[in-house]
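Below is one structure, written out as structure tokens; the observations come after it.
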Amino acid sequence: MAEGQHNRGVHPKSDISRFTRRPDRLAAFSDGVFAIAVTLLVLEIQPPHDFGHLLQGLGALWPSYLAYALSFLLVGQVWVNHHVMFDRVRHVDRGVLFLNTLLLMVIAFLPFSTSLLADALRAERGLRTAVVVYGSTLWTAAFLFNIIWARLRRAKLLDPGLGPHGVHAIGRRFAFALIWIGLGILVGAFAPIAGVAIIAGFLPAYYLPVRGEYGEDDDATERPS
């Protein structure tokens, strides 16, 4: 009887391991994509060809400098929060691997969105569309963060030591990102520079640690690794 109950009940730990993997390779692959994405950002900045007026030509590249700095810091921010998420993951399954692949696909698209924004700033035309495309790229990444986090919670792949407070705190931050970036897109559709400013304001808040991200006893300061 006990054996029958066991067969119809929860899978043994050895069976569960057949369908899950440690997150180490996922994190390593993701780090590589993030590194390539931030490297590609600088390739959009083309040096001026008129060396007779080099200083003027370098100054005229300010839209590229602005878009590069904003995107580099945003990708860095995504990388930081990606670590916040997967540092608390015990195992990943195929669903998480697929969703993370979609997230990396969006991150790899960001250099194009950055180039589009810089060119629109330089041309002073099409800026509303460029800001919406740029913001939508970031919003899609934020959306995928929320989907991945929900998947990790439902599949019970998170470290139990995180506790319900930590799970809620991290999930709340990911959810709020959708509202923040969405506001930047909405404003940018009518006032492009204001929309970029709202998206840029996203940076300092989301580089700060999440209270509870290391467990119930977290005091909002980062623990040494």
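The values are calculated or read from the model by the stated rules, or taken from the named source; none is laboratory data. Only a predicted model underlies this, so the values are computations on that prediction, with no experimental measurement involved. Every residue, glycine among them, receives a Cβ derived from its backbone with ideal geometry; neighbour counts consider all protein chains shown.
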**Complete:** Among the residues of the range 104-133, the number that are at negative phi and surrounded by fewer than 17 Cβ atoms within 10 Å (Cβ to Cβ) is 9
**Asked** Which is under 22 Å from F202 (Cβ atoms) and in contact (Cβ under 8 Å) with a residue 12 or more places away in the chain, of L144, L157, L152?
**Response** L144
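Yes/no per residue for (1) surrounded by 13 or more Cβ atoms within 10 Å (Cβ to Cβ); (2) at pLDDT 95 or above; (3) over 20 Å from R88 (Cβ atoms); (4) of a type in the set (S, T, N, Q):
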site: T20; (1), (2), (3), (4): yes, no, no, yes
site: L40; (1), (2), (3), (4): yes, no, yes, no
site: H49; (1), (2), (3), (4): no, no, yes, no
site: L54; (1), (2), (3), (4): no, no, yes, no
**Request:** Keeping to the range 94-147, report how many residues are over 21 Å from T39 (Cβ atoms), out of contact with any Phe, Trp or Tyr (no Cβ under 6 Å at 6 or more places or on another chain) and among the aromatic types (F, W, Y).
**Result:** 3
**Message:** Looking only at the range 32-57, filter to residues that are more than 23 Å from A200 (Cα to Cα) and part of a helix (DSSP H, G or I); which one of those is nearest to the chain's Cα centre (by Cα)?
**Reply:** G32
**Complete:** By residue number, the members of the range 56-68 that are closer than 25 Å to G184 by Cα and surrounded by 13 or more Cβ atoms within 10 Å (Cβ to Cβ) are L61, P63, S64, Y65, L66, A67, Y68
**Message:** Going residue by residue through the range 116-134, is there one that turns out to be touching a residue at least 24 places away in the same chain (Cβ under 8 Å), aliphatic (A, V, I, L, M) and closer than 24 Å to P209 by Cβ?
**Reply:** no
**Fill in**
Of the residues in the range 83-103 that are at pLDDT 95 or above and buried (at least 21 other Cβ atoms within 10 Å of the Cβ), the one that is farthest from the chain's Cα centre (by Cα) is V96
